[in-house]
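Worksheet: one structure, shown below.
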Amino acid sequence: MCSGADTDILKTSSKAEQIKFAGIGGTVFFTAVMAFIASSYALFTVFDTYYTAVFFGLIWGLLIFNLDRFIVSTIKKQDNKWKEIWQATPRIVLAIIIAVVISKPLEMKIFEKEINQVILTQKNELTLANKNQIANQFTPEITAFQNDINQLKQEIATKEAESNALYDTYISEAEGTAGTKLLGKGPVYKEKREKHDASLLELQQLKNENKIKINEKEAQIVALVAKQNGQVVKSQPIIDGFDGLMARINALNELPWLPSFFIFLLFLAIETSPIFSKLIAPKGEYDYKIQDIDNAIKTWVYQKESQRANILNTDAKLNEAIYEELAEEEELYNYKKQKAREILQIQADAFYKSQQKIIS
């Protein structure tokens, strides 16, 4: 049944013929089973549910079974081998396409661990690239705030250095090591002390003001960093989900091609084996019986067509002879002449009446 053979005729054939077609049918059946397994796995990587994958995988397996059965059943043994090869060529092309479709998901399952390693590496690269891309969006603004903070701190450091210099000046004046070089706290000392105290007050005020500004800038930096991290976390599930069918096919293509190629050849051999077995096998009892039935139908059709053609030719000749004989009969001639005269009179009367209405 799976080989597409006529079971009624096959039952009347020899045991060898039945075994031959049972082998062809078994190949077709197990090819459909492998198609079901392969498509179910491929669809599971897409839908992530067993029921959906098995349901559509079953449909795909039945489709492949029907195609293979049709391909095998339509190849008929000919007396010329080249005619058989030409007849099988488009079917072989279709079998190659089916073999590719079936083998690819099973290759992904067989090399699943290696594919997972490739995908893990790709995910890590995508994670780093994603973080860099997101960081590039926030880095200019964060850098600008950081520069503002550094500038505010530099202002404090400059003012603090200025205040320290004034402190050293009035201390040196008091000790008599610089300035007037008079030991003691004189008028010059008081003047320099007042400048230092004023600078120290300005320094304290500057620190308070810049501290507020620095805290605001740092809070903005923290908010931007939090926003940046939030985008990284939000986009990470997309990278984690980078495990679909196309990703796995691309990962498979990055592995050495030789093992995948041999697996493809295996399925190609399985898929084309029913076709080549029918091409290689000599004509058997079943083939002769099918040919006899086909020839009987062809002969019967040709006979019917020939009879119809002869009937048509005979009828045409009879009609031609009958009408030629009728054309020579005087009675028929006078009758048609009378009817033609009546028609012309009716047409003349009608024309006269229409013209009379127009004039009146």
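The values are calculated or read from the model by the stated rules, or taken from the named source; none is laboratory data. This structure is a prediction, so every number in the text was calculated from the model and none was measured. So basically every Cβ, Gly included, is an ideal-geometry build from the backbone, and we count neighbours across all protein chains shown.
Quick grid of which residues meet (1) more than 26 Å from LYS207 (Cβ to Cβ); (2) at pLDDT 85 or above; (3) among the polar types (S, T, N, Q); (4) not assigned by TED's automatic domain parsing to the domain that holds PHE261:
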position	(1), (2), (3), (4)
ILE102	yes, no, no, no
LEU120	yes, yes, no, yes
ILE149	no, yes, no, yes
ASN164	no, no, yes, yes
GLU175	yes, no, no, yes
ALA178	yes, no, no, yes
GLY184	yes, no, no, yes
LYS192	no, no, no, yes
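Specify which of the listed residues (PHE276, PHE242) is farther than 30 Å from ALA161 by Cα and either of a type in the set (S, T, N, Q) or part of a helix (DSSP H, G or I) (or both). Within the list PHE276, PHE242, the selection yields PHE276.
Of the residues contained in the range 15-23, one or more are found to be surrounded by 12 or more Cβ atoms within 10 Å (Cβ to Cβ), under 37 Å from the mean Cα position of the chain (by Cα), at pLDDT 80 or above and in the same structural domain as PHE264 (by TED's automatic domain parsing).
Candidates in the range 196-227 are the residues that are in contact with a helix residue (DSSP H, G or I) (Cβ under 8 Å, 6 or more places away or on another chain) and more than 18 Å from ASN147 (Cβ to Cβ); of these, the one that is surrounded by the most Cβ atoms within 10 Å (Cβ to Cβ) is HIS196.
Applying the condition of being among the aliphatic types (A, V, I, L, M) and surrounded by fewer than 20 Cβ atoms within 10 Å (Cβ to Cβ) to the range 35-63 and asking which residue is nearest to SER103 (Cα to Cα) yields ILE37.
Cβ-Cβ distances below 7 Å connect the following pairs, each with a first residue in the range 10-32 that is in contact (Cβ under 8 Å) with a residue 40 or more places away in the chain, a second residue that is assigned to a helix (DSSP H, G or I) and of a type in the set (Gly, Ala, Ser), and a separation of six or more residues or different chains: ILE24/SER277; THR27/SER273.
Within the range 24-34, the set of residues being among the aliphatic types (A, V, I, L, M) and either surrounded by fewer than 19 Cβ atoms within 10 Å (Cβ to Cβ) or within 13 Å of SER103 (Cα to Cα) (or both) comprises ALA32, VAL33, MET34. Pairs are defined by a Cβ separation below 8 Å, a sequence spacing of at least 6 or placement on different chains, a first member in the range 246-262 that is within 13 Å of GLN122 (Cα to Cα), and a second member that is surrounded by 14 or more Cβ atoms within 10 Å (Cβ to Cβ) and of a type in the set (Ser, Thr, Tyr); the pairs so defined are ARG248/THR45; LEU252/SER260.
The set of residues in the range 6-65 that are over 19 Å from ARG248 (Cα atoms) and not in a helix (DSSP H, G or I) comprises ASP6, THR12, SER13, SER14. Restricting the range 302-333 to residues that are hydroxyl-bearing (Ser, Thr, Tyr) and either in the same structural domain as GLU17 (by TED's automatic domain parsing) or surrounded by 10 or more Cβ atoms within 10 Å (Cβ to Cβ) (or both), which is farthest from GLN18 (Cα to Cα)? Selected residue: TYR333. A single entry from LYS289, LYS357 fulfils the requirement of being part of a helix (DSSP H, G or I) and surrounded by 10 or more Cβ atoms within 10 Å (Cβ to Cβ): LYS289. The residue list LYS278, LYS283, LYS336 contains one member that is modelled with pLDDT of 80 or more and either more than 30 Å from ILE92 (Cβ to Cβ) or not aliphatic (A, V, I, L, M) (or both), which is LYS336. The single condition among (1) free of Cβ contacts under 8 Å to residues at least 40 places away in the same chain; (2) under 21 Å from ILE64 (Cβ atoms) that ASN124 does not meet is (2). Within the range 63-113, the set of residues being among the basic types (Lys, Arg), in contact (Cβ under 8 Å) with a residue 24 or more places away in the chain and within 20 Å of LEU43 (Cα to Cα) comprises LYS104, LYS109. Do the conditions hold for THR299, that is, is it β-branched (Val, Ile, Thr), more than 30 Å from ILE96 (Cα to Cα) and surrounded by 10 or more Cβ atoms within 10 Å (Cβ to Cβ)? Yes, satisfied.
Within the range 241-294, being within 30 Å of LYS109 (Cβ to Cβ) and aromatic (Phe, Trp, Tyr) holds for PHE242, TRP257, PHE261, PHE262, PHE264, PHE267, PHE276.
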